[in-house]
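Read the structure below first, then the notes.
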Amino acid sequence: MNSLKVLFDRDTWQEIFGSISKNKTRTVITVVGVLWGIFIYIALSGAAKGLDNGFERQFENIAMNSMFVWAQRTSIPYDGFKIGRSIELKLSDIEYLKKRVPEIQYIAPRNARGVFGGSASPQVVRKNKSSNYNVYGDFPVYTKIATKKIYEGGRFINDEDIRYKRKVCVIGERTQTELFEKDENPIGQYIRIDNIYFQVIGVHKFVPGGGFESDGDIFIPFETYRQLYNSGDSVQWFTIAAYDDVDVVEVEKDIKAVLKRIHRVAPEDERAFGGFNLGEIFNKIVGFSKGMTLLSLIVGIATILAGVIGIGNILLISVKERTKELGVRRALGATPSEVRNQIIIESVFLTLVAGILGIIIGAFVLAGINAATADITDFPYTNPTVPIPFILAALFIMVFLGTLIGLIPAQRAVSIKPIDALREE
Amino acid sequence: MIQIKKLHKSYKMGASSLHVLKGINLTIEEGELVAIMGSSGSGKSTLLNILGMLDNADEGEYLLDKVPIKDLNETKAAKYRNKFLGFVFQSFNLINYKSALENIMLPLYYQGVPRKERQLLAMDYLEKVGLKDWATHLPNELSGGQKQRVAIARAMASRPKVLLADEPTGALDTKTSHEVMDLIQKINEEGKTILVVTHEPDIANMCKRIVQLKDGLIIEDKKIKQVLASAYV
């Protein structure tokens with residue numbers, strides 16, 4: 001008999017529903033086994049994806065292959081200098097770095113007040129309100145590395161601001177709410193930073209993650225900062241982005257080597273320059289979430305397997321219980337292949353129903369977790385989804401395993417001779 | 001209708017083997033109502049199983065409606081059973097989660113009869129055994145006699161050449177036994193060949209011919225004057 005025809009025959013399904021609904025408790029328990037498996041699979045891989053997305057969101061406002069480099073004190077005497085000499089990065093380092101390390105795509109020198117120890121947050125005053133905020137001196141190139149979302153109507157610092165040392169600033173969301181009235185447009189207004197008037201040119205939207213920045217930060221042109229705080233040529237740190245396809249760990253080493261040469265620091269001095277390599281950390285996180293995905297895959301499939309084996313087990317028992325019924329069917333003219341097909345289809349059908357229910361429940365749970373964590377911005381968990389190919393693969397695996405495991409009870413059913421099945425005991 | 005020659009069957013019981021049928025010769029014509037009698041162990045059930053293609057003979061010839069029944073694989077045996085034979089069992093063997101009607105539809109399902117037709121046919125047979133109003137009842141809602149009547153309807157539904165009944169009244173009281181035998185006699189009157197295995201003489205007397213088995217051999221084969229079951233109903 002054509003097995004595909006069997007699948008689309010209403011009578012086949014009637015037979016199967018008949019025998020499945022005969023023992024409802026058993027059917028339910030069987031289904032729960034596989035349902036649990038697929039649920040674990042969906043929930044885990046969805047959670048892994050959610051973590052993945054969450055990490056990605058944490059880094060979305062900064063280039064993945066970027067790093068910070070700053071200067072510290074030497075730990076080795078070198079070239080006539082004694083140990084413990086403090087080093088300052090200079091604006092002139094940029095040209096050297098660009099020349100010697102061609103992997104650098106962007107390099108942004110930055111200065112700041114209030115971020116690191118030693119300098120207090122400047123006082124910022126507007127009319128009768130005042131507070132303290134961190135102030136950064138920046139070049140426009142900084143936004144190439146770390147995107148700054150500026151609210152409608154505003155802009156970030158541009159080249160003109162640098163050239164004319166304009167006294168303009170980009171303020172944070174919190175700065176706006178704390179210094180301005182609710183319905184007031186801050187653009188074009190003036191605020192006083194350390195007693196110098198600055199015109200507000202933009203409000204940046206704070207995106208969490210990516211280091212020490214906050215929603216109160218004020219950005220001013222690097223040159224203006226230089227004049228205001230008399231910082232000369234010195235730079236507190238460089239934010240550097242390498243090209244996408246390069247090894248950021250190597251680039252960091254190269255950069256430090258060049259800086260050591262410029263500043264006459266012993267090549268083996270590990271402490272003269274500090275660095276924080278986002279690319280390296282990002283790679284670790286990517287590795288971690290890949291591991292999570294793999295783990296969820298393995299655990300999920302193993303659980304599905306356990307569930308399907310459960311179905312096989314139950315069907316074996318069911319076949320044993322139905323020995324007589326199967327014997328009657330055989331006596332009435334059921335061929336062995338009809339009996340076999342019926343049991344295999346039962347197995348696959350149970351597996352699939354359980355699987356689809358598991359997918360639905362898993363999806364609901366994921367949606368629930370997503371809704372519960374939506375407001376927690378520093379929890380790296382966003383939009384937990386399971387890719388459709390994963391689901392299709394899971395369904396395929398279930399059909400495959402269901403068939404395979406169904407073969408065992410089906411073979412058992414066929415091997416029962418009708419005469420033995422019907423023998424009065 | 002049925003011709004068997006020198007039929008032998010033995011069962012292996014560990015090291016020894018039990019010779020159950022020791023050369024049975026039997027010819028049954030169309031329309032006969034034959035009782036096969038014998039004490040337990042005489043081989044009557046084995047004979048019925050072989051006739052029903054549920055078991056294979058070791059030796060001998062078996063012709064069913066001139067078709068030699070030999071070296072059947074399970075698939076072919078199933079097809080032949082479906083086409084040629086109707087079974088009635090002592091313990092009814094109805095499928096307990098199917099209604100009376102669905103039980104009768106089952107052999108038709110295996111025959112590949114379309115659904116609608118199957119339903120109508122099954123209803124016809126249910127009516128014939130007088131249980132039309134019980135069509136949707138499950139077997140456990142039926143009395144023993146009703147169950148056996150459903151089983152007979154089921155056996156008849158596939159329009160078999162031969163009806164094989166293994167102790168059809170074995171689980172029934174006298175009154176219902178007679179009712180069931182009445183039904184069997186009526187079916188026989190319509191021309192159906194029927195074999196009844198029984199150990200009850202009064203049931204055997206309601207058949208037209210009695211074949212006595214003892215120790216795997218036919219010791220007596222006689223035509224009798226049929227006692228009508230309707231006389232007792």
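A compact table of results
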| quantity | calculated |
| --- | --- |
| Which listed pairs, of A:Lys149/A:Lys290; A:Lys129/A:Lys205; B:Lys128/B:Lys186; A:Lys417/B:Lys79; A:Lys127/A:Lys182, have C-alpha distances above 18 Å, in listed order | A:Lys149/A:Lys290; A:Lys129/A:Lys205 |
| 15 Å beta-carbon shell around A:Ile87, net charge (K/R +1, D/E -1) | +3 |
| Sequence-separation-based contact order of chain B, relative, with Cα cut under 8 Å and 6+ spacing, percent | 28 percent |
| Inter-label distance, nm, simple model (7 Å from Cα along the C-beta direction), A:Ser121/B:Val233 | 10.2 nm |
| Folded to 0 to 90 degrees: helix A:248-262 orientation relative to chain A principal axis, Cα | 20 degrees |
| Gap separating the Cα centres of region B:19-82 and region B:208-232, nearest whole Å | 18 Å |
| R0 of 60 Å, Cβ-Cβ distance B:Glu61-A:Ile298: FRET efficiency to nearest 0.05 | 0.45 |
| Residues of the protein assembly as shown: accessible area per residue with a 1.4 Å probe, Å² | 47 Å² |
| Sites matching GluC sites (Glu not before Pro) across region A:148-244 that sit in DSSP coil, with at most 13 neighbouring C-beta atoms within 10 Å | A:Glu152, A:Glu181, A:Glu184 |
| For residues of B:154-167, the mean tally of beta carbons on other chains within 10 Å | 1 |
| Of A:Lys144/A:Lys260; A:Lys24/B:Lys161; A:Lys165/A:Lys260; B:Lys12/B:Lys98, pairs whose Cα-Cα distance is over 29 Å | A:Lys24/B:Lys161; A:Lys165/A:Lys260; B:Lys12/B:Lys98 |
| Rounded Å value of the spacing that divides the Cα centres of region A:311-333 and region A:354-373 | 36 Å |
| Accessible-area composition of region B:161-210, carbon plus sulfur, in percent [1.4 Å probe] | 50 percent |
| Contact order relative to length of region B:1-108, as percent, for alpha carbon pairs under 8 angstrom and 6 or more apart | 27 percent |
| Residues along region A:319-365 losing 10 Å² or more of accessible surface when the other protein chains are present rather than the chain by itself (probe 1.4 Å) | A:Lys324, A:Glu325, A:Val328, A:Arg329, A:Arg330, A:Ala331, A:Leu332, A:Gly333, A:Ala334, A:Thr335, A:Pro336, A:Glu338 |
| Reach of B:Lys223 by Cα under 12 Å, taken over aspartates and glutamates that are not fewer than 8 positions away in the same chain | B:Glu32 |
| Chains A and B, summed buried accessible surface - 1.4 Å probe, Å², nearest 100 | 2300 Å² |
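The values are calculated or read from the model by the stated rules, or taken from the named source; none is laboratory data. Please read these numbers as outputs of a predicted model, since none were measured by experiment. Positions of Cβ are backbone-derived with ideal geometry, glycine not excepted, and every protein chain shown enters the neighbour counts. Just so you know, the surface numbers come from the protein's heavy atoms only, side chains and all, with ligands and any DNA or RNA stripped out. Shrake-Rupley method; radii C 1.70, N 1.55, O 1.52, S 1.80 Å.
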